[in-house]
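First comes the structure, then the notes that go with it.
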Amino acid sequence: QVRPVESGGGSVQVGDSLRLSCVPSGYTPSSYAMGWFRQAPGKEREFVAAISWDGRESFVADSLKGRFDISRDGLRNSAHLQMSSLKVEDTAIYFCVFDSSGTYFDSREWRSWGQGTQVTVGS
């Protein structure tokens, strides 16, 4: 099964920017909706952003608007999460997801998950 593969995580300081990328592990014949979730230690997994299969619609969690942005490379299943003005509370494992069967905001609707990439923001 083809899965998302994340890259770009790391350790940064408060106020820095970071760009995460996500590509499929193998060949994908179709273009899928893609998204990002994150999970901080001791907290539930939360929606970060999502983009439709054709890139015409994108969504960012209300609490992250203005700092985070999602984009994709046309119809390729390659997506990016641009994060700026990072805060300590953005520290989490960030998961890329493919192929939603319903609403983008519910983690249960996404069929394929990556292993995650760690983002650590230090003060």
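Quick rundown of the values:
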{"read-out": "Dipole in debye (nearest 20) - the chain, about Cα centre, beta carbon charges: Lys, Arg +1; Asp, Glu -1", "value": "140 debye"}
{"read-out": "Sum of side-chain charges, residue 95 neighbourhood, beta-carbon under 10 Å (Lys, Arg +1; Asp, Glu -1)", "value": "+1"}
{"read-out": "Accessible carbon and sulfur surface of the chain relative to its total accessible area, %, 1.4 Å", "value": "46 percent"}
{"read-out": "Most to least accessible of 72, 19 (protein chains only, probe 1.4 Å)", "value": "19, 72"}
{"read-out": "Accessible area in square angstrom per residue, the chain, 1.4 angstrom probe", "value": "52 Å²"}
{"read-out": "Amide H partners (placed H, <5 Å) of residue 16, local residues excluded", "value": "86"}
{"read-out": "Neighbourhood charge, 14 Å Cβ-Cβ cut-off, centred on residue 39 and excluding it, Lys, Arg +1 and Asp, Glu -1", "value": "-2"}
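The values are calculated or read from the model by the stated rules, or taken from the named source; none is laboratory data. All of these numbers come straight from a predicted model, not from anything done at the bench. No Cβ is skipped: glycine too gets one built from the backbone with ideal geometry, and neighbour counts run over all protein chains shown. Surface areas here come from the heavy atoms of the whole protein model, side chains and all, with no ligands, DNA or RNA. Shrake-Rupley method; radii C 1.70, N 1.55, O 1.52, S 1.80 Å.
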